[in-house]
Each structure stands twice: as structure tokens, then as C-alpha cells.
Amino acid sequence: MTLFTDEALERYSRHIILEDIGIEGQEKIFNASVLIIGAGGLGSPIALYLAAAGVGRIGIVDGDVVDLSNLQRQVIHTTADIGTPKVVSAKQKMLAINPSIQVDDYHTMLSAENIESIIAPYDFIIDGTDNFAAKFLINDACVLLSKPYSHGGILRFAGQTMTIYPGQSACYACAFNAPPPPGLVPTCSSAGILGAVAGMLGTIQAAEALKYFTGVGSLLTDTLLRFDAKTMAFQRAKFKKNPRCRVCADPQKISLTDYEQPLCELKNHA
Amino acid sequence: MKLIINGEEKTFTQEKINISDLLTIESVDQPDMVSIQLNEEFLRKPDYATTWLKEGDVVDFLYFMGGGQ
């Protein structure tokens, strides 16, 4: 016996009709909670699709306000939202799409001090941040708290993503160890990004979250999926949990500290 | 010697190649922005110059990609 109303059955009918999802899968999605870190290029499509999919509780973290230069790719925000906190703007759109979900907004910058308490209530975490300090901190915290999460990175015409299942699969630090030297790092603001590439990668991350909750298919664990939109070549690099990994080899030893961040990135910090 | 670099088979005329050489041959201009896997094992930077490649080795260059906003 389903808890869904006729309205909900109609709303989610294209999910429910999928043999792999059905009413049972849609209920799992509704009982799920996801935290999206960053309400920008990646966070926008992630938030829109997860709200539309009926994820019952979605948290969204971002310390910024909407800027004119965001609108080329951050499709959850509109021209009228310029100057509004991104989380407020995002929450408004998510609830407009789907009023039956709960959206928790955190208008704050993620740091070693607040990350544990912010991610703790959620079942799945999605990294949509724009800097390595945040990406490595998210990895540390998710491994420490055993939270499965999706890592994402985009640059110019390219994107890459992997899903981390702490305790079972390789973590971000298994592959990349530690942030590259500050100064070498090109970011969206310094290097540019084709707006649609953010959409391509963000929707892959949203799909991973929905697969995690419904158990459909196989996740991008131990796998870095990368694509180059110039040629539309998609490639997977397989790798294994690194037994010498600085972070996940001994999760009990993780102590959360902020990574050094190049000054030029601070103003766009998620 | 034939190597598989990022999923593609490439033939090299050099007889002996270590990872540092490969970075030069493959024109990786920012070696600090890449993480290297040899036959599914990650290498440490100090070992690049002493890690010699052999026929059929599978090398993956994983590039740092930090954008998202």
C-alpha cells in the first residue's frame, strides 16, 4: 500500500513506470535526504533535478549571493535574483517545482568547524564546490562520517566525477592525495567554463544520487568518469582504494582542518 | 614499446622511458596538476624518475579539475 496521493502518483508517473524504480523506488527517493554543497554551476542542475525527482529532504549550502556573471550557467537563478543569497534563490525554485519536499538552506561558507554538523543529517552528499580546499575538506568529512558522496569538477570544456562510498571504495584523496600548489590552479573564474558543461556534469551527479537511493545499476565508485565536450569523448579511469591513502587508509585518524586556499578564489568560495 | 595512455594505445620509439620522461614526451606542462596511475596503482612524485615502463603498461594521467560554481 503506497503512501502516495493521486497527485504524487501522477507527478512521478514517469519514474514509477520505470521497471527498475516503480512505486517502491519512488518511495525510497521520497524518504531520502541529500546535501548539495554549492548552489552554482553544478549545484543548480543538481538541485533542480533532485527537487523534481521528489527527494524528500534536500539541504543546500552556499555563502554567496547571485551575481550577474553567474547567470550564464547557474540556471536555478534568474536575473531578478541578482544580489539574493544563492541558497534563498535556489530554495524558492526547488519549492516552486515541488512543494512537497523539504529544503534546508545554509547561507554559510563550509569550513572545518561547521562541516560535520551540516552534513551529519543527510544520507548522501554532493560536492558542487569550485575550489580544492572545499573539495578535500568534503572528502575528509565524508570519509570520517562514512557518508557516500559524489565528487564533481569542471574546467573550460571538460568535466569529471566519481562517487565515493567510504569504507568500500576509493576516496578522492586516493586518486589526488592533496590540493595542488595554490597559484597553479585554474578555476572557473580564471579559466572559464562552457555553461552547458556544468549542466552535463551536474545531471550525472544527480543521477548518481538517485541510483544510490534506488539501488539501480552500478555507481561510479572506484571510477573517474571524465569527458571533453569539445570532442564529446567520455572516458572512465578505473582505480583502486589506495592502501597508503592519507585520508581513508585510517579514517579514525582524520582531523578536520581547513586546507589552504589561493586568495583569488576566496570571493567565490562555496 | 607500446603503452596504453589514458585508454589509448601509443607506440614509443625510445628504448627506456621512465614516468618523468613520459611527462615530457606527452607534453604535460604542469606535472603538479596531474596524478599518475601505473597499472591501477598510484605513483608518488618522488618515484617518477625511477619508475621505468615496460611493454603493455597502462598509464593514466588524472588531471585536477577544481571548478564547480
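The values are calculated or read from the model by the stated rules, or taken from the named source; none is laboratory data. Fair warning: this is a prediction, and the values are worked out from it, not measured in the lab. Backbone-built Cβ (ideal geometry, glycine too); neighbour counts: all protein chains shown. Areas reflect the complete protein model, heavy atoms only, side chains present, ligands, DNA and RNA absent. Shrake-Rupley method; radii C 1.70, N 1.55, O 1.52, S 1.80 Å.
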* Asked: Given the C-alpha centroids of the stretch A:51-70 and the stretch B:31-65, what is the distance between them in whole angstrom?
  -> 37
* To do: Can you find, among B:PRO31, A:PRO182, A:SER150, the residue farthest towards the positive end of the dipole of the protein assembly as shown? Put +1 on the C-beta of Lys and Arg, -1 on that of Asp and Glu.
  => B:PRO31
* Structure fact -> In cubic angstrom per residue, the convex hull of the stretch A:62-127 built on its Cα atoms measures 101
* Most positive-pole-ward Cα, A:SER111, A:LEU71, A:ALA90, against dipole of the stretch A:1-140 from beta carbon charges -> A:LEU71
* Protection-proxy order for peptides A:119-131, B:53-65, each taking the mean of Cβ atoms within 10 Å per residue, highest first -> A:119-131, B:53-65
* Among A:HIS15, A:HIS151, A:HIS107, which one shows the biggest mean-square fluctuation in a GNM of chain A, springs joining Cα atoms closer than 10 Å? -> A:HIS15
* Structure fact -> Taking every residue of B:5-15, the Cβ atoms of other protein chains inside 10 Å of its Cβ average out to 1
* To do: Work out which GluC sites (Glu not before Pro) in chain A are exposed loop sites (DSSP not H, G, I, E or B, at most 16 other Cβ within 10 Å) and give the longest gap free of them.
  => A:114-259
* **All aspartates and glutamates inside 15 Å of A:LYS28 as judged from Cα atoms, apart from same-chain residues fewer than 8 positions distant** => A:GLU19, A:ASP20, A:ASP123, A:GLU208
* Asked: What relative contact order, as a whole-number percentage, does chain B give when Cα pairs under 8 Å and 6 or more residues apart are counted?
  -> 44
* To do: Sticking with the crude label model, points 7 Å out along Cα→Cβ, report the distance from A:ALA233 to B:THR13 in nm, one decimal please.
  => 2.3
* Structure fact -> Burial-style ranking of A:211-218, A:29-36, A:91-98, A:167-174, average other-beta-carbon count within 10 Å with highest first, yields A:29-36, A:167-174, A:91-98, A:211-218
* Structure fact -> Each residue of A:238-250 has, on average, a number of other protein chain C-beta atoms within 10 Å of its C-beta equal to 2
* Report, in debye and to the nearest 20, how large the dipole of the protein assembly as shown comes out about its Cα centre when Lys and Arg carry +1 and Asp and Glu carry -1 on their Cβ. => 200
* Could you work out the relative contact order of chain A, using alpha carbon pairs under 8 angstrom and six or more residues apart, expressed as a whole percent? => 21
* Rh by Kirkwood over Cα pairs, then Stokes-Einstein D for the stretch A:125-168 at 1.567 mPa s and 4 °C, µm²/s -> 121
* Please pull out the direction-averaged projected area of the stretch A:1-83, using the convex hull of its alpha-carbon atoms, in nm² to one decimal place. => 6.5
* Evaluate peptide A:171-177: per residue, the Cβ atoms of other protein chains within 10 Å of its Cβ; return the mean as an integer. => 3
* **Rounded accessible area per residue of the stretch B:2-63, 1.4 Å, Å²** => 56
* Over the protein assembly as shown, what is the percentage of antiparallel beta bridges among all DSSP beta bridges, to the nearest 5? -> 60
* **Distant-in-sequence amide H partners of B:TYR63 (H built 1.01 Å from N, under 5 Å)** => B:SER35
* In Å and whole numbers, how far do the C-alpha atoms of the protein assembly as shown stretch along each principal axis, longest first? -> 70, 45, 43
* Asked: What value, in deg cm²/dmol to 500, does the helix sum -39500 (n - 2.57) over DSSP H runs of n ≥ 4 give at 222 nm once divided by the residues of the protein assembly as shown?
  -> -8000 deg cm²/dmol
* To do: Mind jotting down a quarter of the surface of the convex hull over the alpha carbons of the stretch B:2-63, in square nanometres, one decimal?
  => 3.8
